[in-house]
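Reviewing the structure listed below.
The values are calculated or read from the model by the stated rules, or taken from the named source; none is laboratory data. Treat the numbers as computed from the prediction; the structure is a model and nothing was measured. Virtual Cβ from ideal backbone geometry, glycine too; neighbours counted across all protein chains shown. Just so you know, the surface numbers come from the protein's heavy atoms only, side chains and all, with ligands and any DNA or RNA stripped out. Shrake-Rupley method; radii C 1.70, N 1.55, O 1.52, S 1.80 Å.
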Amino acid sequence: MHNLAEVFALDLAAYAVMSNHYHVVLYIDKKSADKWSLFEVIDRWQKIFKASNLAQRYLNGDTLDPCELKALEDVASIWRERLTDISWFMRCLNESIARQANAEDKCMGRFWEGRFKSQALLDERVLAACMAYVDLNPIRANMAKTPEDSDHTSIQQRIRAAILGENYFHL
């Protein structure tokens, strides 16, 4: 989740990985993505997906003719949009989880019951309430006694960062 978030233009505001599902609160940073160079868009995209030969040539420093460069800019524009899209993030995250689970269970097929659900959090009060819900989910589910003990959660990571004097948020 963290590695994928670094490729996308988003920050993980809160998350909790439960035994059979997870919750995640995301901040989409469209302004940062709009500042990415053509090189950075292609570089980020190819960390997840196979980039085209044209994109590989560009990354290698080869000179492209104006038509090739225009074609690459057009496709990179689509990639930039996808790297700011929650649906694409969830697709990538869920596919990798499903592949790993299927490999562990030596099976094939669908892993998730249905499509993810999302809700826009439009003010700070709602954001804080949602983050608290996510942070406390392992405690409500009796998976941990305290937030510090809740493994695979952002609250545990934020507490550890506070103890070490580090900044958790990139927002």
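Of note:
- Taking the criterion of being free of Cβ contacts under 8 Å to residues at least 12 places away in the same chain and under 20 Å from the mean Cα position of the chain (by Cα), the residues of the stretch 90-112 that qualify are R91, E95, R99, Q100, A101.
- Some residue of the stretch 136-150 being of a type in the set (S, T, N, Q), closer than 19 Å to V25 by Cα and open to solvent by less than 70 Å² (accessible area, probe 1.4 Å): yes
- Any hit, the stretch 7-20, residues being hydroxyl-bearing (S, T, Y) and touching a residue at least 60 places away in the same chain (Cβ under 8 Å): yes
- So E68, is it open to solvent by 60 Å² or more (accessible area, probe 1.4 Å), within 17 Å of V41 (Cα to Cα) and in contact with a helix residue (DSSP H, G or I) (Cβ under 7 Å, 6 or more places away or on another chain): no
- Selection within the stretch 8-63 - surrounded by 19 or more Cβ atoms within 10 Å (Cβ to Cβ), among the aromatic types (F, W, Y) and part of a helix (DSSP H, G or I): W45, Y58
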